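A.B. asks: What follows is a structure written as structure tokens; I'll ask about it next.
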Amino acid sequence: MNSEFTSPIGKILKINGKCISLIGNDIDTDRIIPARFLKCVDFDSLGKSVFEDDRETLKGKHPFDLVENKNSSILIVNSNFGCGSSREHAPQALMRWGIKAIIGESFAEIFYSNCIAIGIPCFTLKKKLIQDIQKYNNNKSLFLEIDLKNSLAKSNDFNFHLEIKESSKNMFLSGEWDATSTLLCKEKLIENKYNDLPYLKFNNLVI
């Protein structure tokens, strides 16, 4: 787990970081963050509990427990990652552990959308290339530089084109994925709309 968590804001153009590989298809949201942790008031404490049950079973040998994976920020996964229930806690837990981007064969649709909503780009690659990256990463540290504008990822030993939905890509490049920042930037438009709505004008209300 990364020692310092900072939530992304605004435009996301580049992501640089160390990779962590998690091998397996159909890894669902209950494995990412077990249901008993959904009672939390906020998401701040979820990072330390990500993959809690899997990590307990593997007794320190889970990728998220290995010393060599400390401070990793780019997660490499296989197919249908994030399937199961639609809980937004799953990407929130990954983000608070330190994950800033995910590269996989495919993602469950709701999980994908939940990731986009909090600033985690999800990219796809062909199965063979994912397997090659994971095999390399399990034997040697892999640092990637991701260029969202050109959908490219490169390292000393890899250079490949990433697939991402054009609509999602544009949201990251423009910063529109960040609903709070987008609203703050449009304060004048919101004020004008407020003033145009007759049922919000209480000043002339007679009781």
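The values are calculated or read from the model by the stated rules, or taken from the named source; none is laboratory data. Since the structure is predicted, the reported quantities are computational estimates derived from the model, not experimental observations. A quick note on method: Cβ atoms are made from the backbone with ideal geometry, for glycine too, and the neighbour counts reach across all protein chains shown.
A.B. asks: Of the residues that make up region 40-62, is at least one hydroxyl-bearing (Ser, Thr, Tyr), modelled with pLDDT of 95 or more and within 11 Å of the chain's Cα centre (by Cα)?
C.D. replies: Checked against the condition, which is being hydroxyl-bearing (Ser, Thr, Tyr), modelled with pLDDT of 95 or more and within 11 Å of the chain's Cα centre (by Cα), region 40-62 yields no hits at all.
A.B. asks: So which pairs qualify, if the first residue must be in region 157-184 and under 15 Å from Lys11 (Cβ atoms) and surrounded by 11 or more Cβ atoms within 10 Å (Cβ to Cβ), the second must be among the aromatic types (Phe, Trp, Tyr) and at pLDDT below 95, the Cβ gap must be under 6 Å, and the two must be at least 6 apart or on different chains?
C.D. replies: What qualifies is Met171/Trp177.
A.B. asks: For region 143-156: of the residues being surrounded by 13 or more Cβ atoms within 10 Å (Cβ to Cβ) and part of a loop (DSSP other than H, G, I, E, B), which is farthest from the chain's Cα centre (by Cα)?
C.D. replies: Ser155
A.B. asks: Continuing with the same structure: Quick one: is Lys140 at pLDDT below 95, closer than 19 Å to Ile102 by Cα, not hydrophobic (A, V, I, L, M, F, W, C) and not in a helix (DSSP H, G or I)?
C.D. replies: For Lys140, the condition - at pLDDT below 95, closer than 19 Å to Ile102 by Cα, not hydrophobic (A, V, I, L, M, F, W, C) and not in a helix (DSSP H, G or I) - is met.
A.B. asks: In region 59-83, which residues are polar (S, T, N, Q) and part of a loop (DSSP other than H, G, I, E, B)?
C.D. replies: The answer is Asn71, Ser72, Ser73, Asn78, Ser79, Asn80.
A.B. asks: Does any residue of region 113-128 turn out to be of a type in the set (Phe, Trp, Tyr) and part of a strand (DSSP E or B)?
C.D. replies: In the first step, residues of region 113-128 are kept if they are of a type in the set (Phe, Trp, Tyr); the result is 123.
Narrowing the set further to residues that are part of a strand (DSSP E or B) leaves 123.
Yes, because at least one residue in region 113-128 is of a type in the set (Phe, Trp, Tyr) and part of a strand (DSSP E or B).
A.B. asks: Taking Thr29, is it without any contact (Cβ under 8 Å) to a residue 40 or more places away in the chain and over 20 Å from Leu162 (Cα atoms)?
C.D. replies: Working: without any contact (Cβ under 8 Å) to a residue 40 or more places away in the chain: no; over 20 Å from Leu162 (Cα atoms): yes.
In short, no.
A.B. asks: Conditions: (1) touching a helix residue (DSSP H, G or I) at 6+ places or on another chain (Cβ under 6 Å); (2) among the polar types (S, T, N, Q); (3) not in a loop (DSSP other than H, G, I, E, B). Ser86 meets all but one. Number of the miss?
C.D. replies: (3)
A.B. asks: Also, I was wondering about something else. Being without any contact (Cβ under 8 Å) to a residue 40 or more places away in the chain, part of a helix (DSSP H, G or I), crowded, with 17+ Cβ neighbours inside 10 Å and not aromatic (Phe, Trp, Tyr) narrows it down to one of Ile110, Ile102, Ile133, so name that one.
C.D. replies: After applying the criteria, what remains is Ile110.
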